[in-house]
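The values are calculated or read from the model by the stated rules, or taken from the named source; none is laboratory data. If you're wondering where the values come from, they're calculated on a predicted model, not measured in any experiment. Cβ: placed from backbone, ideal geometry, glycine included. Neighbour counts: every protein chain shown. Accessible surface is based on the protein model in full, side chains and every heavy atom, while ligands, DNA and RNA are left aside. Shrake-Rupley method; radii C 1.70, N 1.55, O 1.52, S 1.80 Å.
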Amino acid sequence: MKTPTRNRRAEILDAAAALFAARGFHGVSIEDIGAAVGVSGPALYRHFSGKEALLTEMLLGISERLREQGARLATTADPDTAEAALDALLAGHIEFALRHPALIRVQERELDNVPEQARRAIRRLQRLYAEEWVAVLAELHPDCPQARLRAAAHAVFGLLNSTPHSAGELSPEAMAGLLHTMARAALCQIG
């Protein structure tokens, strides 16, 4: 049975993320990615125009997904409390970081290998995602300057995105609980 194109693209993106995370963008060839999904390297050109296009779609996809998730979580939690919105944002980011450590690694190391226009779009989406957090934090700490709230949000992203380096010894549930507790404690100290 033939794999539908959409699933094949996702399979290729997942395999490329794992390879890029392990060996870096320049350490992986189209042939390596093809072999990881059971096709010849040139067969990947049916789905992507090249390795750079694959990386670009991967990083844009991550950024779009996190931005959309952040907007949804910040507004669908209990409308009477910013506490619930913050907990939802934390849980969403933690789940993403624990489920996709390869994507976290690729995003932190390979953005410079994306063409400038796409890199600007990725950075814009990342800023919009951070601003969802800042808006929630501003409700919790109304007297705190926006710059401090933004810095705190980015510091927490650093903590949560460290999971590719630290999550191996604990179960995902234990790691999620630890990260949530630590991030919550850090964000309570910013006001």
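Data for the structure
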item: Segment 161-191, residues that are under 20 Å from the mean Cα position of the chain (by Cα) and acidic (Asp, Glu); result: 173
item: Enumerated helices (runs of 4 or more DSSP H) restricted to segment 80-191, each holding at least 3 residues that are not polar (S, T, N, Q); result: 82-99, 101-110, 116-140, 146-160, 172-188
item: Residue among 47, 26 that alone is open to solvent by 80 Å² or more (accessible area, probe 1.4 Å) and either more than 13 Å from the chain's Cα centre (by Cα) or of a type in the set (Lys, Arg) (or both); result: 26
item: Filter result for the condition that a residue is in contact with a Lys or Arg (Cβ under 6 Å, 6 or more places away or on another chain) and either of a type in the set (A, V, I, L, M) or at pLDDT below 95 (or both), over 125, 137, 66; result: 125
item: Enumeration of residues in segment 128-164 that are in contact with a helix residue (DSSP H, G or I) (Cβ under 9 Å, 6 or more places away or on another chain), open to solvent by 10 Å² or more (accessible area, probe 1.4 Å) and either free of Cβ contacts under 8 Å to residues at least 40 places away in the same chain or β-branched (Val, Ile, Thr) (or both); result: 131, 138, 146, 150, 152, 154, 155, 159, 162
item: Check on residue 108, open to solvent by 60 Å² or more (accessible area, probe 1.4 Å) and of a type in the set (Asp, Glu); result: yes
item: Sole exception among (1) modelled with pLDDT under 95; (2) surrounded by fewer than 20 Cβ atoms within 10 Å (Cβ to Cβ); (3) touching a Lys or Arg at 6+ places or on another chain (Cβ under 9 Å) for residue 92, by number; result: (1)
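Listed here are the residues, each with its yes/no results for (1) at pLDDT 95 or above; (2) aromatic (Phe, Trp, Tyr); (3) farther than 22 Å from residue 118 by Cβ.
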site	(1), (2), (3)
1	no, no, yes
7	no, no, yes
18	yes, no, no
28	yes, no, no
33	yes, no, no
44	no, no, no
47	no, no, no
52	yes, no, no
56	yes, no, no
